[in-house]
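The values are calculated or read from the model by the stated rules, or taken from the named source; none is laboratory data. Model, not experiment: these values are computed from the prediction. Don't worry about glycine lacking a Cβ; one is built from the backbone with ideal geometry, like all the others, and counts go over all protein chains shown. Only protein heavy atoms, including side chains, enter the accessible area calculation; ligands, DNA and RNA are left aside. Shrake-Rupley method; radii C 1.70, N 1.55, O 1.52, S 1.80 Å.
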Amino acid sequence: MKKILLLLFAIITTNSFSQNIDDKINNKSDKKKFFNGYDGGMMLHAGYVKTNVTPLDYYAEGITKGIGGAIRFHIGNHYRIGTEGYVSTLNLMNNGSYMKTFWAGLLNDFYWKFGKFMPYAGLTVGGGALTDCFIFEGDNHDWNPEKEVVINKKPFIAIDPIIGCDYCLSDAMHITIKFDCLFGLGGDDLYMPTGPRAYIGFIFFH
């Protein structure tokens, strides 16, 4: 009986020791893993922007809103690289006038995990286009020709710093809130409707 008990104790001890070694090896391999999956999702946004339309001597400001999305690949334990793109529209004058901003580019950010919270900060660099339609006489509610209308479209280089935080609903699904302020570089007559935007959306992890 003693021999059987000693044999069972030896087997259990050996298995436990072997499992601990395997766990340590797996943990080390996980820490040293280069690619750690990817995530992506859609986000709605709203913000307050303002600008001086210099060629028309017109000052525009108001609530902008839109939609977009991102996909990011996880490198190591804290770095992500990917791409994102958004469209943001500021409606003006209540007659169909608008300023529509589109931008997309290479997204880089760093993230950290604290329980269910995952704050992050990063930068998107890419390009976009600002499309303006100003109706100074009439509106877009009829089929009448409008004489006082200005339409303009300008490309720009986009620089977009971001900060945000995920709340981990599960390992596979996060809800995210982030803030940004888009800056544009272009020609001498380029103006940008700058101001903070707030985003909210669901991000899926794989």
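A few remarks follow.
- Residue match in region 87-94 (condition: in contact with a Phe, Trp or Tyr (Cβ under 9 Å, 6 or more places away or on another chain), modelled with pLDDT under 95 and either part of a loop (DSSP other than H, G, I, E, B) or of a type in the set (A, V, I, L, M, F, W, C) (or both)): yes
- Flag for Phe102 being touching a Phe, Trp or Tyr at 6+ places or on another chain (Cβ under 7 Å), open to solvent by 20 Å² or more (accessible area, probe 1.4 Å), modelled with pLDDT of 95 or more and not in a loop (DSSP other than H, G, I, E, B): no
- Answer residue from region 35-64, given it is touching a His at 6+ places or on another chain (Cβ under 6 Å) and either open to solvent by 20 Å² or more (accessible area, probe 1.4 Å) or outside any strand (DSSP E or B) (or both) and is modelled with the highest pLDDT among those: Tyr38
- Residue under evaluation Phe134, criteria (1) open to solvent by 90 Å² or more (accessible area, probe 1.4 Å); (2) in contact (Cβ under 8 Å) with a residue 60 or more places away in the chain, criterion not met: (1)
- Per the listing Ile203, Ile175, Ile157, the residue uniquely under 22 Å from Thr89 (Cα atoms) and aliphatic (A, V, I, L, M) is Ile157.
- Any hit, region 109-128, residues being β-branched (Val, Ile, Thr), more than 25 Å from Tyr38 (Cα to Cα) and in contact with a Gly (Cβ under 9 Å, 6 or more places away or on another chain): no
- Residue match in region 111-118 (condition: touching a residue at least 12 places away in the same chain (Cβ under 8 Å), over 23 Å from Leu190 (Cα atoms) and open to solvent by less than 30 Å² (accessible area, probe 1.4 Å)): yes
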